[in-house]
1. Rounded to a whole number, what % of the accessible area of the range 80-153 do carbon and sulfur atoms account for, probe 1.4 Å?
2. Suppose all protein chains stay in the model; what accessible area per residue would a 1.4 Å probe give for the range 156-198, in Å²?
3. May I ask what percent, to the nearest 5, of DSSP beta bridges between residues of the range 113-221 are antiparallel?
4. Counting other Cβ atoms within 10 Å, which GluC sites (Glu not before Pro) in the range 53-100 have at most 16 and lie in a DSSP loop?
5. For the range 282-326 and the range 102-126, what is the separation of their C-alpha centers, rounded to whole Å?
6. Among [x] 22.0; [y] 23.1; [z] 25.5, which is the computed Kirkwood radius over Cα pairs in Å?
7. Rounded, prolate or oblate, given the Cα gyration tensor of the range 184-293, with a/c below 1.5 counting as rounded?
8. For the chain, calculate the relative contact order in percent as a whole number, restricting contacts to Cα pairs under 8 Å that are 6 or more residues apart.
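The values are calculated or read from the model by the stated rules, or taken from the named source; none is laboratory data. These numbers were taken from a predicted model, which means no experiment stands behind them. Note that we place each Cβ from the backbone using ideal geometry, even for glycine, and neighbour counts take in every protein chain shown. Ligands, DNA and RNA are excluded from the accessible area calculation, which covers all protein heavy atoms including side chains. Shrake-Rupley method; radii C 1.70, N 1.55, O 1.52, S 1.80 Å.
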Amino acid sequence: MNIQVADRMNHIEGSVIRQFAEAALKPGLISFANGNPSPATYPVEEMKKFFVEALNSDEVNSLLMYGSVQGYPPLVEFLKKRLTKKFGFDFEKNDLYMVSGGTQAVDVTSKIWLEKGDVVITEEPSYASCYNIFRAYEAKLVGVPINETGIDIEATEEALKANPNCKLIYTIPSFQNPTGFSAIDDKRKQLYELACKYDVIILEDDPYAELRFAGEPQNPIKSYDTEGRVFYTSSLSKVIAPSFRLGYLVVDKRFGQYVNVCKQCTDVHSNTLGQYVSWGVMEKTDYEKHIRLAQEEYRRKSSLVIDALKRTIHPSVKLSTPTGGMFIMMFLPESIDAVDFVWKGIDRGVVCVPGSGFALDGHKPTHSVRLCYSTETDENIVKGAEILGKLTCDMIEGRA
């Protein structure tokens, strides 16, 4: 067959993360690879109740029929009220759309804004699946560094000056994947001010917003948005269940018609039955208690892995210290290649993901490793972290 795939497919690469996640399927391996929420946080009994309620309700025909493009109205209204109370979002100026997972929100935003050759400035490292979405719309990606206080503001402004055709800045300001870093309030404000100064859109990806377990609460960048230039997305995957494929996108009402049309073109509407069940869990149970239990789950697991690593790692290895979310990053000395480290870890029974899985150029040498501590048992978290800690000493001191 002589038919050629579209040129844009040449810029899309397979996931390095998936490669190591598949390695984690080997029986007996301790896995810090998959970025999944803890099964202990799924509200299983509540979901059972509301599935039955949905199928027995007078609404059952509409719940099983094609639904609203915007989303199941009671859930949309619940989320609006919650975001208004929690973060001060203004729904006189904004509207909320349910999407099929946070990733679809990134796709919809890209579809609305990006044309061939436009520049997207992104934190680096960052969530690599979004790199491929931007590349699918033939955008050029420019990475800027991130540290424990958030995106590098000076580097971001330099990137904006150097790329006048920049259309969008992509950021994960809270408990970032993969680093676990969170942007301080000043940087959130400064990033918004830069977007205003250079007239670009911010795509704020905030899937871990509810999972803070330490430190003071912080408002999203969207809460500072007076010009309607922040597209804010979050997810129900980390607080209800990933399989529902539900997230939401908050945008200025000027752009709602475009979100609506993009949703129609892609999947017509998101999972209505899942939206009903999610609404039931949120509206009709003690949802705040559910969130507190999830936060405690991640606080405990985070402490376990950090304490075990600190007991065993080589002094030259640095760790991020998250205040929420599911990720920790190990920063190895430049003498140690992270891919080599990960394969040696697998040989010893533990799998994690090298930093190359989150880089714009995954073929360059990398010296960082992401650990997701959410899914393993407490016993395996401690055992796996100790194995990796000892491996750092063996490699740095030339014994492995």
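1. On the way: 1360 of 2860 Å².
Roughly 48 percent, rounded to a whole number.
2. Heavy-atom SASA per residue in the range 156-198 reads 35 Å².
3. 10
4. When the GluC sites (Glu not before Pro) of the range 53-100 are filtered for loop state and at most 16 Cβ neighbours within 10 Å, Glu59, Glu92 remain.
5. Centre-to-centre distance over Cα atoms comes out at 29 Å.
6. Among [x] 22.0; [y] 23.1; [z] 25.5, the one derived from this structure is [x].
7. oblate
8. Normalised by residue count, the contact order of the chain is 24 percent.
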